[in-house]
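What follows is a set of notes on a single structure, which appears directly below.
Nothing in this text is a laboratory measurement; each read-out follows from the coordinates by a stated rule. From a predicted model like this one, the values you see are computed outputs, not experimental measurements. A quick note on method: Cβ atoms are made from the backbone with ideal geometry, for glycine too, and the neighbour counts reach across all protein chains shown.
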Amino acid sequence: MDFLPKEIESYSSQFSEQENALLNELSRETHLRTTMPRMLSGHLQGRLLSLLSKMQQPQCILEIGTFTGYSALCLAEGLTTTGKLITIDTNDETMVIAKKYFAMSPHAGQIEAITGDAREIIPKLEQTPDLVFIDADKGNYLNYFNLIIGKMNSGGIIIADNVLWSGKVVAPVKENDHETKALMNFTAVASSHPRVTPLLLPIRDGLLILRVI
Ligand SMILES: C[S@@+](CC[C@H](N)C(=O)[O-])C[C@H]1O[C@@H](n2cnc3c(N)ncnc32)[C@H](O)[C@@H]1O
């Protein structure tokens, strides 16, 4: 579901920073070669991720859910010169596309792409992320939040995508709709956690931004 009327979205895109050539080509290839290109963050959300990252100037970014690498490249734009981005995905086919574009980006040496289950990999990470983007399987959002909140310092930012889930979170929820229930539970628990200040932005499919206190 698109929350914004098409005309508003294209007007907003027109007056926002344009995608660079690499992101444009990645978006094109994702639409040609993958079955669910809608999973890619896209122009406006990508520019917001880039802006937030540039404001945060992170030393370490953790992304959960790489897909073809679009959001990772946007987030990497804000890394400090010695900073590092770690991105995790279970899908080795889309990871091949992501790695191809990471290698062509100015941040090639700063991005570590790990293929595997984020639930197993995050506990082994020794870094303290300043910026986390949660964008993987919806049923595990709360698990990811619980795995990372203890690793974060005050001033860190956690961003979770798809928290409006095409509006399903405000409609009667079907008994067997476990993803919507999990997202609603995650949003309620994470946004009321004593260590965060929350902002739910109704951009694209809903971005929950949590600033760690
Ligand atoms: C919505 S896509 C990510 C989109 C990407 N962040 C972007 O904006 O371009 C979700 C991704 O999460 C991955 N995923 C699902 N379960 C996972 C898990 N347990 N650990 C790591 N990645 C997972 C999927 O393979 C998929 O590529």
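Would you point out which residue out of Ile114, Ile88, Ile148, Ile121 is in contact with a helix residue (DSSP H, G or I) (Cβ under 7 Å, 6 or more places away or on another chain), of a type outside the set (Asp, Glu) and in a helix (DSSP H, G or I)? Even if it seems obvious, please write down each step before you answer.
Details: Ile114 fails: in a helix (DSSP H, G or I); Ile88 fails: in a helix (DSSP H, G or I); Ile121 fails: in contact with a helix residue (DSSP H, G or I) (Cβ under 7 Å, 6 or more places away or on another chain).
Of the residues listed, the single one that is in contact with a helix residue (DSSP H, G or I) (Cβ under 7 Å, 6 or more places away or on another chain), of a type outside the set (Asp, Glu) and in a helix (DSSP H, G or I) is Ile148.
Among the residues of segment 6-24, count how many are touching a residue at least 40 places away in the same chain (Cβ under 8 Å) and surrounded by fewer than 19 Cβ atoms within 10 Å (Cβ to Cβ).
Result for segment 6-24: 1.
Within segment 134-146, take every residue that is closer than 14 Å to Val212 by Cβ and touching a residue at least 24 places away in the same chain (Cβ under 8 Å) and give me the one that is farthest from the ligand (Cβ to nearest atom). Before the answer, list the steps.
Residues of segment 134-146 closer than 14 Å to Val212 by Cβ: 134, 145-146.
Filter once more, so that each one left must be touching a residue at least 24 places away in the same chain (Cβ under 8 Å): 134, 145.
On the way: Ile134: 9, Phe145: 14 Å.
Among residues in segment 134-146 that are closer than 14 Å to Val212 by Cβ and touching a residue at least 24 places away in the same chain (Cβ under 8 Å), the one farthest from the ligand (Cβ to nearest atom) is Phe145.
In this structure, is Lys151 over 24 Å from Arg38 (Cα atoms), surrounded by fewer than 19 Cβ atoms within 10 Å (Cβ to Cβ), in contact (Cβ under 8 Å) with a residue 12 or more places away in the chain and not β-branched (Val, Ile, Thr)?
Considered against the rule, which asks whether it is over 24 Å from Arg38 (Cα atoms), surrounded by fewer than 19 Cβ atoms within 10 Å (Cβ to Cβ), in contact (Cβ under 8 Å) with a residue 12 or more places away in the chain and not β-branched (Val, Ile, Thr), Lys151 comes out as yes.
Return the residues of segment 25-34 that are part of a helix (DSSP H, G or I) and either surrounded by 11 or more Cβ atoms within 10 Å (Cβ to Cβ) or touching a residue at least 40 places away in the same chain (Cβ under 8 Å) (or both); say none if nothing qualifies.
Of all residues in segment 25-34, those part of a helix (DSSP H, G or I) come to 25-33.
Within segment 25-34, Glu25, Leu26, Ser27, Arg28, Glu29, Thr30, His31, Arg33 meet the criteria.
Filter segment 158-190 down to residues that are outside any loop (DSSP other than H, G, I, E, B), within 16 Å of the ligand (Cβ to nearest atom) and either hydrophobic (A, V, I, L, M, F, W, C) or surrounded by 20 or more Cβ atoms within 10 Å (Cβ to Cβ) (or both), then give me how many there are.
Number satisfying all stated conditions: 8.
Does Thr66 fit the bill of being over 22 Å from Thr94 (Cβ atoms) and either without any contact (Cβ under 8 Å) to a residue 60 or more places away in the chain or in a loop (DSSP other than H, G, I, E, B) (or both)?
On the way: over 22 Å from Thr94 (Cβ atoms): no; either without any contact (Cβ under 8 Å) to a residue 60 or more places away in the chain or in a loop (DSSP other than H, G, I, E, B) (or both): yes.
Against the criterion (over 22 Å from Thr94 (Cβ atoms) and either without any contact (Cβ under 8 Å) to a residue 60 or more places away in the chain or in a loop (DSSP other than H, G, I, E, B) (or both)), Thr66 does not qualify.
For residues in segment 118-133 being surrounded by 14 or more Cβ atoms within 10 Å (Cβ to Cβ) and over 19 Å from Phe186 (Cα atoms), which is farthest from the ligand (Cβ to nearest atom)?
Asp130
Within segment 35-63, how many residues are touching a Ser or Thr at 6+ places or on another chain (Cβ under 6 Å) and not in a helix (DSSP H, G or I)?
5
Do we find that Thr82 is within 12 Å of the ligand (Cβ to nearest atom) and not aliphatic (A, V, I, L, M) in this structure?
Working: within 12 Å of the ligand (Cβ to nearest atom): no; not aliphatic (A, V, I, L, M): yes.
No, not satisfied.
Only one of (1) assigned to a loop (DSSP other than H, G, I, E, B); (2) among the aliphatic types (A, V, I, L, M); (3) closer than 19 Å to Leu210 by Cα fails for Leu4. Which number is that?
The one condition Leu4 does not meet is (3).
Within segment 124-145, can you find the residues that are assigned to a helix (DSSP H, G or I) and closer than 24 Å to Val163 by Cα?
Across segment 124-145, the qualifying residues are Lys138, Gly139, Asn140, Tyr141, Leu142, Asn143, Tyr144, Phe145.
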